[in-house]
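**Q** Handing you a structure now.
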Amino acid sequence: MWLKVSCELVFDIEIPTPFILMLRPRSGAQQWVAREIYKIEPNLQAYEYTDTFGNLCQRVLAPAGQFKVYTEADVKTAEFIDVDPGAPFIDIQNLPDAMLNYLLPSRYCESDRFSDLANSITTNQLPGYDQVAAIESWLRDTISYIPGSSDFAISAIEVNYRQSGVCRDLAHLGIALCRSLSIPARLVVGYLHNLQPMDMHAWFEAYVGGRWYIFDATQTEHKGGYVSVGYGRDAADVPMFNQFGPSVFPLKQVITVVEFENGK
C-alpha cells in the first residue's frame with residue numbers, strides 16, 4: 001500500500017536551542033520512500049548525519065521565537081506484516097556482528113531481570129519466532145494498552161509492575177523478554193495506518209530465522225501499514241527530537257497517515 005505520512009511540530013523557543021531531529025524515514029527492505037518534503041521555519045541551516053543505528057538525524061540551532069518543523073513522505077509499505085511460525089533461533093556464535101548490541105540490557109530494557117518470566121511465558125515453544133509470538137500474545141493479554149497514559153519513557157521493570165502502558169512501554173517489556181532468551185530485539189518508532197488515536201507509534205522487532213520480524217502487542221491483527229522512522233535499543237535511542245538547554249515541549253504536534261493510490 002501507498003501511505004502519505006506527515007508530522008508537524010511547533011515550538012516556542014526562549015533562547016537559541018540546539019535540536020537533534022529524527023523525522024525522516026529511510027528506504028529499506030520493507031518500505032520504499034518515493035517522495036519527501038522537509039520544511040524548517042525560519043529557514044535555517046541544518047546538518048544531516050546517520051547515527052550508529054542507521055537513522056537519519058538532522059542537527060539545527062533554533063533561534064528564539066516560534067520554531068516549526070514539517071515533514072511529509074510518500075512511502076510504499078506492505079499491506080500485511082510478514083509472519084513465519086517456526087523460524088529458528090539463531091545461535092549467538094552465528095549472529096551477524098550488528099545484532100550483538102541488541103542482545104544486551106539497555107536503559108529501558110533490563111533483560112537481565114526477566115529470565116524466569118520469559119521462560120515461563122515460552123514454555124514448550126520452539127526456540128525462535130514461536131517464542132517471540134508467545135511473548136507478544138502474553139503482552140496483549142496481560143499488559144493493558146492505554147494510549148496517552150504516559151508522557152515519558154518507563155523501563156520494562158516499571159511496565160511489568162504497573163501492568164499497563166503506552167505502545168512504547170509494551171515494546172520495552174517485549175524487548176527485555178526477548179533479549180533474556182538471547183533473541184536480538186530492537187525498538188522501532190514511526191507511523192501506523194489507522195492507528196487510533198493517531199500519533200507516532202512504537203513497536204518492536206526480533207531477529208529470528210536470519211531477519212527482523214515486526215511484533216506489536218497493541219494490535220490484534222497482522223495488518224501492515226507500518227512506516228519505520230527510527231531504530232534503537234530502546235526509547236533513549238529513537239526520540240523524535242532531542243533539545244539541549246531549558247526544556248521545551250511542542251505547542252502543536254500533528255501526525256497524519258493517509259492511504260492513497262500511487263500517481264494520484
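The values are calculated or read from the model by the stated rules, or taken from the named source; none is laboratory data. Bear in mind the structure is a predicted one, so any value in this text is a computation, not a measurement. Positions of Cβ are backbone-derived with ideal geometry, glycine not excepted, and every protein chain shown enters the neighbour counts.
**Q** Condition check: modelled with pLDDT of 95 or more, touching a helix residue (DSSP H, G or I) at 6+ places or on another chain (Cβ under 9 Å) and within 20 Å of residue 126 (Cα to Cα). Does residue 177 satisfy that? If you could, list the steps in order and put the result at the bottom.
**A** On the way: modelled with pLDDT of 95 or more: yes; touching a helix residue (DSSP H, G or I) at 6+ places or on another chain (Cβ under 9 Å): yes; within 20 Å of residue 126 (Cα to Cα): yes.
Against the criterion (modelled with pLDDT of 95 or more, touching a helix residue (DSSP H, G or I) at 6+ places or on another chain (Cβ under 9 Å) and within 20 Å of residue 126 (Cα to Cα)), residue 177 qualifies.
**Q** Do we have residue 196 as at pLDDT below 95 and not assigned by TED's automatic domain parsing to the domain that holds residue 51 here?
**A** Taking the combined requirement at face value, the residue satisfies it.
**Q** Quick one: in the stretch 1-41, which of the residues that are among the β-branched types (Val, Ile, Thr) and part of a strand (DSSP E or B) is farthest from residue 57 (Cα to Cα)?
**A** The residue in question is 13.
**Q** Now a separate question. When you scan the stretch 109-123, do you find a residue that is free of Cβ contacts under 8 Å to residues at least 40 places away in the same chain, surrounded by fewer than 12 Cβ atoms within 10 Å (Cβ to Cβ) and hydroxyl-bearing (Ser, Thr, Tyr), even just one?
**A** Yes, there is a match, as at least one residue in the stretch 109-123 is free of Cβ contacts under 8 Å to residues at least 40 places away in the same chain, surrounded by fewer than 12 Cβ atoms within 10 Å (Cβ to Cβ) and hydroxyl-bearing (Ser, Thr, Tyr).
**Q** Determine whether the stretch 220-239 contains at least one residue that is within 15 Å of residue 174 (Cβ to Cβ) and without any contact (Cβ under 8 Å) to a residue 40 or more places away in the chain.
**A** no
**Q** So in the stretch 75-108, with the set limited to residues that are β-branched (Val, Ile, Thr) and in contact with a strand residue (DSSP E or B) (Cβ under 8 Å, 6 or more places away or on another chain), which one is surrounded by the most Cβ atoms within 10 Å (Cβ to Cβ)?
**A** Per the criteria, the residue is 75.
**Q** Give me the strands (runs of 3 or more DSSP E) completely within the stretch 185-264, filtered to those with at least 3 residues that are over 19 Å from residue 138 (Cβ atoms) and either in contact with a Leu (Cβ under 6 Å, 6 or more places away or on another chain) or of a type outside the set (Asp, Glu) (or both), ordered by residue number.
**A** Result: 185-192, 226-232, 241-243, 252-260.
**Q** Does residue 67 satisfy the criteria of being in contact with a strand residue (DSSP E or B) (Cβ under 8 Å, 6 or more places away or on another chain), assigned to a strand (DSSP E or B) and either aromatic (Phe, Trp, Tyr) or assigned by TED's automatic domain parsing to the domain that holds residue 195 (or both)?
**A** In short, yes.
**Q** Looking only at the stretch 199-250, filter to residues that are acidic (Asp, Glu) and under 13 Å from the mean Cα position of the chain (by Cα); which one of those is surrounded by the fewest Cβ atoms within 10 Å (Cβ to Cβ)?
**A** Among those residues, the one meeting the criterion is 199.
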